[in-house]
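J.: Got a structure for you, questions after.
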Amino acid sequence: MLNQKSSEFVSVPQAKTSGLQILRYQFMQIWQVLAALLLIYAVFFILSPAFRNVDTLLSIFSQGAILAVLACGTTIVLISGGLDLSVGSIFAVVGVVVGVLIKEYELAYPLAILGALVAGTCLGALNGVIQVVTKVPAFIVTLGGLTAYKGLAELLGSGKDLSRFPEGFQMLGSGYLMPICIMLGAALLTGLFLTKTRLGNHAFAIGGNEEVARLSGVNVARSRIYYYMIGGMFAATAAILEVSKLNFAQSSRGVSYELFAIAAVVIGGTSLFGGRGSVGKTIIGMLIMQTIIVGLAYLGVGTSFQRIAIGTIIVLAVYWDVWRRQTR
């Protein structure tokens, strides 16, 4: 039997635990990144008067919701020891697909959403199948996917007016409430998948030691395909949310989104080496990034320096992960 205690998201590993014990255990797993978020927020709260209102707080959540949904899938892939650089391009393809289905084929938007989700899931599955069959490293396979899927998005969207969608579809991304609810729903589903399903638990086992997982009876190849499928599905969900929010679709969307998603996951404490992490930390990592971006913007700092700040934090987060592994 596989040891399930490797997960940082699992509840207290006793047979019977109270709800309070479970909450306390989970809080102890995220308190460091949560403390970092609160500290960063407090600094900008003090430095910028414009930062001190509820609308700013809500905008941080809603603006980060799209990338947070994308990062949920990235969390699963990284925990399993994989890497997906193509999710930004899958995002672009799905955005165009949902636009084409609604505007060109005049499908009802629920059917268009379903078709777009299937498209994203299939592209994710293709990444997994290619990697498993060819044994080419995930970095190379998904780097190729990044370029190929971007070209596919451009072909599908060329010369098409993909804007002015039905009001029902626009409601998915409008305001603060719906994006935040979708983000929290995605995080909840990811957490339940990682902690309550065998396939989710296998992600930690495969990421921790693939050979041991294989010897324990885990079908590693099939599991990896499923993880990339889930990553594609979350990329599709994020794309649908953005198209709804902006009320238009463009093949140029999604550029560098995969880097922001990986950054959120790493800042949240999920290991790039696999076997450790949680979606709760990923959401906090995304909020840390978004708080820094919004806070620096309020202070008049240009986008170039914002990127330098985020890049520095990413390097520090990876260094912390490496140092923690070496000192175990």
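Only the coordinates and a few stated rules stand behind these numbers; no lab work does. Owing to the predicted nature of the structure, the values given are computational and were not obtained by experimental measurement. With ideal geometry, Cβ positions are generated from the backbone for all residues, glycine too; neighbour counts draw on all protein chains shown.
J.: Going through the cross-link list Lys150/Lys281; Lys196/Lys281; Lys150/Lys196; Lys196/Lys245, which pairs have a Cα-Cα distance over 24 Å in this structure? The partial results should precede the final answer.
T.: On the way: Lys150/Lys281 29 Å; Lys196/Lys281 18 Å; Lys150/Lys196 35 Å; Lys196/Lys245 32 Å.
Over 24 Å apart, Cα to Cα: Lys150/Lys281; Lys150/Lys196; Lys196/Lys245.
J.: Now a separate question. Can you list which of the DSSP-assigned H helices in the chain have a Cα extent of 20 Å or more along the long axis and an average Kyte-Doolittle score of at least 0.0?
T.: Helices meeting the span and hydropathy rule in the chain are 19-47, 54-79, 87-103, 109-134, 138-157, 177-196, 220-246, 279-298, 303-326.
J.: If I take all pairs of Cα atoms in the stretch 69-128, what percentage of them are more than 15 Å from each other?
T.: Cα-Cα pairs of the stretch 69-128 separated by over 15 Å account for 52 percent.
J.: Another question, if that's okay. Can you tally the net charge around Gly115? Count Lys and Arg as +1, Asp and Glu as -1, for every other residue whose Cβ sits under 14 Å from the Cβ of Gly115.
T.: That works out to -1.
J.: I've got another one for you. Give me, ordered by chain and number, the residues 5 or more places off Arg276 or on other chains with an amide H under 5 Å from its own placed amide H.
T.: So Arg276 has HN proximity to Ser271.
J.: In the stretch 223-328, which chymotrypsin sites (Phe, Trp or Tyr not before Pro) fall in coil by DSSP and have 15 or fewer other Cβ atoms within 10 Å?
T.: Qualifying residues, ordered by number: Phe273.
J.: Check cross-link reach from Lys135 to the aspartates and glutamates: straight Cα distance under 20 Å, and skip same-chain residues fewer than eight apart.
T.: Cα-Cα hits under 20 Å: Asp84, Glu210, Glu211.
J.: While we're on this one: So which aspartates and glutamates can Lys160 reach, going by Cα to Cα under 12 Å and dropping same-chain residues fewer than 8 places off?
T.: Glu104
J.: Tell me which residues come under 5 Å, amide H to amide H, from Phe248 once H is placed; ignore anything under 5 positions away on its chain.
T.: Amide H to amide H, under 5 Å and 5 or more residues apart or across chains, Phe248 pairs with nothing.
J.: Can you give the Rg and Dmax of the chain based on its C-alpha atoms, in angstrom?
T.: 19.7, 60
J.: A further question on this structure: For the pair Leu259/Thr327, report the inter-label distance in nm, with labels modelled 7 Å from Cα in the Cβ direction.
T.: It is 3.0 nm.
J.: Mind putting together the pair-distance distribution for the stretch 64-201? All Cα pairs, 5 Å bins, whole percent per bin, short to long.
T.: Taking all Cα pairs of the stretch 64-201, the binned fractions are 2, 9, 16, 20, 21, 16, 10, 5, 1, 0 percent.
J.: Using a Förster radius of 51 Å, what is the FRET efficiency between Thr134 and Glu106 based on their Cβ-Cβ separation? Nearest 0.05, please.
T.: 0.80
J.: Ranked by Cβ crowding within 10 angstrom, fewest neighbours first, how are Asp84, Asp321 ordered? Before the final figure, lay out each step's value.
T.: On the way: Asp84 31, Asp321 18.
Lowest to highest Cβ neighbour count: Asp321, Asp84.
J.: So what is log10(I(q)/I(0)) for the stretch 192-328 at q = 0.12, 0.14, 0.16, 0.19 1/Å, when the Debye sum runs over its Cα atoms only?
T.: -0.62, -0.81, -1.01, -1.24
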